[in-house]
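> First the structure, which I've put down as structure tokens, then a few questions once you've had a look.
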Amino acid sequence: MDILKERIMQDGKCYPGGILKVDSFINHQMDPNLMMDVAKEFVRLFDGLNINKIVTIEASGIAPAILVGYLKQLPVVFIKKKQPKTMDNMLSTVVHSFTKDRDYTVCISNSFLTPDDHVLFIDDFLANGNAANGVIDLCKMSGATIEAMGFIIEKAFQHGGDFLREHNIRYEALATVESLDDCKILLK
């Protein structure tokens, strides 16, 4: 994903505390061509896995997840950060957002996450692994199987990848940030 790495270096902004802002092309304003390239790469990386559902957490993972679902012709379900009044059979867990430094109670209907589901989780960032851990919790509650996880960007210095490897979760990141020390972006 050289194009992704180029965009991170060109348009990404670093802020103190390990924050990488990619809001001009991934998670506020989106580059649809880049998102399609990201989705195609995820489809290629996870080809051959037994997947019947794409899952993400609102909001930044929705665009790439929908495109992966479109390319694979699979349903996409997103875990909500706010419980709708109309949600039946709700499963919930707490996820800490590194960027916003707050906890969210996230939820999903077990009508859309069942023991028959083999899940590919797609998200924008892998930092400390908090969102991934929330998905693991919800899948355990529902009986769904996590086949793999895909992240647009991994911040390797925050050890979310270590967490997933310890839990034997297969994952792929399309770009890996080794360091943001002194607000300089260092990619692997």
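> If contacts are Cα pairs under 8 angstrom and at least 6 residues apart, what is the relative contact order of the chain in percent?
Dividing the mean separation by the residue count of the chain yields 20 percent.
> Follow-up question, since we're still on this one. With 28 Å as the limit, write out which pairs from K80/K100; K5/K140; K40/K80; K72/K100; K53/K188; K13/K40 have Cα-Cα distances beyond it, or answer none.
K5/K140; K72/K100; K53/K188, as the Cα separations exceed 28 Å there.
> List the residues whose amide H sits under 5 Å from the amide H of I79, counting only those 5 or more places along or on another chain, with H placed 1.01 Å from N in the peptide plane.
T56, I57, E58
> What list of ³J(HN,Hα) couplings, whole Hz, do you get for region 172-185 from phi and the Karplus terms 6.51, -1.76, 1.60, once you set θ to phi - 60° and write x for glycine and proline?
Rounded to whole hertz, the list is 9, 10, 7, 8, 10, 8, 7, 7, 10, 4, 6, 6, 10, 7.
> Follow-up question, since we're still on this one. Could you tell me, in Å, what Rg and Dmax come out for the Cα atoms of the chain?
15.7, 47
> Taking R0 as 30 Å, what FRET efficiency do you get between Q29 and D88 from their Cβ-Cβ distance, rounded to the nearest 0.05?
Details: r = 35 Å, r/R0 = 1.16.
So the FRET efficiency works out to roughly 0.30.
> Give the cysteines in the chain for which no other Cys Cβ lies under 4.7 Å away, or write none if there are none.
Cysteines of the chain left without a disulfide-compatible partner: C107, C139.
Every read-out reported here was derived from the displayed coordinates using simple, explicitly stated rules and does not represent laboratory data. This is a predicted model, so every value here is computed, not measured. Quick reminder, even Gly has a Cβ in these numbers, built from the backbone with ideal geometry, and neighbours come from all protein chains shown.
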